[in-house]
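Inspection log for the structure reproduced underneath, given as C-alpha cells.
The values are calculated or read from the model by the stated rules, or taken from the named source; none is laboratory data. Given the structure is predicted, the values throughout are model-derived calculations rather than measurements. Glycine also receives a Cβ, built like all others from the backbone with ideal geometry; neighbour counts cover every protein chain displayed.
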Amino acid sequence: MAETINMPKLGFDMAEGMLVRWVKQVGEEINKGDVLAEIETDKATVEVESPASGVVLQHIVEQGTVVPVNAPIAVVGVKGEIVSDQSSVSSKKVADEKPLPAKPTPAPTTQAVAPAESSSPVSGQPSVIKASPLARKIARDNNINLASIQGTGPGGRVVRKDVEAALTSNRSPVTSVPPASPIPSYQLSTSTEDKTIPATKLRQAIGRRLVESKQTVPHFYVTHEFKMGALMDIRKQANAFLPDHEKLSVNDFIVKAVALVLRQFLNLNATIRGNEIIQFGHVNVGVAVTVPGGLMTVVVRDADAKPLRQISGEIKAMAARAREGKVKPEDVEGSTFSTSNLGMYDVEEFIAIINPPEAAILAIGSAKETPVVENGEIKIGWRMKATISVDHRVSDGAEAAQFMQKLAEFLENPVRMLV
C-alpha cells in the first residue's frame, strides 16, 4: 500500500522547510532509512530519510518549494501502484518568501546572476548542475549562479570552496595599485555605496530566538577564573598516544566536566514551563559551532556517561556535518544545557545569551599562560575565565556560584574525569 511522506518537524519551533533537492527520483527504488530528499530549515540543510521501502511513485512538491510541517511531499509504494492525485494537498511555491525573478534576459557567461535553484521554477525538473547542499545554500544566499562555476568535487560537483572562490573573485577591488606606486598595497576600492545582503534563514532564526531570550528571560551572570595547569598537562600526555584526528581539545574536557557537575545541580539542567520547573533526566550538552552564515548548536547526548574520547569524536563528526550542511536532526535537537567557547579566538571572557528553552549557558574564554600569585610569589600559570548565564526564574546567584566552584574541582583536578 502506498505511503505518503510528510515534511518532518525537526525542532519544536520549526513551522516550514524548503525542499532543496530530491535525492531519489520518481521510479527509483528506496529502502527504509535511505535519503529521500534534502530540506533546508532555519538551522541547516538536513537529509530526510524515507520511513518506508518501495518505489518512489510521486513527488508532490517541486524542488525549491517552501512546505509547511506535516504537509505531504512524496508517495512511496509498490511498483506500478496507482496513487490518487495529491496536488490538492501539495504546497505552492511561496512567492513572498523569495524575490521575484527578473524579466527573462540572456544570462551573461562571466557574471553571477540568480541562484541555480530558482531556474525553471514551474517545470519541476531536477537541476542538472551537480552541487553539494552547502554550496547551493551559499550560492543562493549570495546570488551566485552555480552554472557559472567550475566544480572541483567528484564528477565535477560544485563544492563549498568553489563557491567561496567565486565570491572572492566577484568581490575583488575595482582599482589596483601600480607596482611602482608609493601607495600602500592594502588600500582597496574607494566605492562608498551601501550593499544590501538578504539575511539567511539561519541568521533570521538566530535573531528571533535570541531577541525572544533577552526580552523574556531574566539573565544573570557569574564569572569564575579556573586554574588550568593540570588539565593542560594531562591533555598533552593523552594526546601523545592518540592519532592526529582523535586528539583531545580543551573544550572536550570542559564538556565532560560540565556534564558531571550538572548531575549535582539539577536546576541548571532544566527548563521552566508555566509555574513548573522541569528538571531533565538526561544531561545533553550543546556545543556552539561556527557555520557559514551564523552558528549552530550540536548536541552531545548523555555526556555525563561518555568517556572523553567518545565525546571528542562525536563533537568532531557533528561539527563537520554542520559545516557541510549535512546535519542529522538528532545532531541539533534535545540539548539541556549549552556551552559557547571562543577560546580559540584569543578571547579573555564574554557572556552568552541563553538558548531557550534551556535555563543556562556557559561562555568560555581562552586558556592562557599569565603571571599569577601563589603563596605570596609571582609565577607563570595557566588560567581560563568562564561565565555562566542563568535564568533567574529557575535558579539564583548562590547556586550558580556553587556550580562554578564544583566545575573548578573537575577542571583543576582532571584525573577525576578519567576514573
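Yes or no, residue by residue, for (1) assigned to a strand (DSSP E or B); (2) within 25 Å of the chain's Cα centre (by Cα); (3) not charged (D, E, K, R):
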residue	(1), (2), (3)
47	yes, yes, no
51	no, yes, yes
55	yes, no, yes
66	yes, yes, yes
74	yes, no, yes
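For the stretch 281-303, give me each residue that is more than 17 Å from the chain's Cα centre (by Cα) and surrounded by 20 or more Cβ atoms within 10 Å (Cβ to Cβ). Walk me through it before giving the result.
First, the residues of the stretch 281-303 that are more than 17 Å from the chain's Cα centre (by Cα): 281-283, 302-303.
Scanning the stretch 281-303 gives 283, 303.
Restricting to the stretch 326-382, give me the number of residues that are of a type in the set (Lys, Arg), over 30 Å from residue 273 (Cα atoms) and in a loop (DSSP other than H, G, I, E, B).
Count: 1.
Being assigned by TED's automatic domain parsing to the domain that holds residue 254, modelled with pLDDT under 95 and at positive phi, is that true of even one residue in the stretch 297-312?
So far as the stretch 297-312 goes, no, none of its residues is assigned by TED's automatic domain parsing to the domain that holds residue 254, modelled with pLDDT under 95 and at positive phi.
Kindly check whether there is at least one residue in the stretch 269-287 that is in contact with a Phe, Trp or Tyr (Cβ under 6 Å, 6 or more places away or on another chain) and in a helix (DSSP H, G or I).
Checked the stretch 269-287: no residue is in contact with a Phe, Trp or Tyr (Cβ under 6 Å, 6 or more places away or on another chain) and in a helix (DSSP H, G or I).
Given the condition part of a loop (DSSP other than H, G, I, E, B) and modelled with pLDDT under 95, answer yes or no: does some residue in the stretch 200-208 qualify?
Filtering the stretch 200-208 for residues part of a loop (DSSP other than H, G, I, E, B) gives 200.
This time we only want the ones that are modelled with pLDDT under 95, so: 200.
Checked the stretch 200-208: at least one residue is part of a loop (DSSP other than H, G, I, E, B) and modelled with pLDDT under 95.
Would you say residue 325 is in contact with a Pro (Cβ under 7 Å, 6 or more places away or on another chain), buried (at least 20 other Cβ atoms within 10 Å of the Cβ) and touching a residue at least 24 places away in the same chain (Cβ under 8 Å)?
Judged against the criteria, residue 325 is a match.
Just to verify a result, which residue in the stretch 383-419, among those that are basic (Lys, Arg) and in a strand (DSSP E or B), is farthest from residue 268 (Cα to Cα)? Break it down into steps so the answer makes sense when it comes.
Pass one, the stretch 383-419, residues basic (Lys, Arg): 383, 385, 393, 406, 416.
Remaining after also requiring in a strand (DSSP E or B): 383, 385.
On the way: 383: 24, 385: 19 Å.
Only one residue tops the list, namely 383.
Filter the stretch 375-390 down to the residues that are over 13 Å from residue 229 (Cα atoms) and out of contact with any Leu (no Cβ under 9 Å at 6 or more places or on another chain) and list them by number.
375, 376, 377, 378, 385
With respect to residue 95, is the statement that it is farther than 21 Å from residue 129 by Cα, modelled with pLDDT of 85 or more and not β-branched (Val, Ile, Thr) true? Give the steps one after another, and end with the answer.
Working: farther than 21 Å from residue 129 by Cα: yes; modelled with pLDDT of 85 or more: no; not β-branched (Val, Ile, Thr): yes.
Answer is no for this residue.
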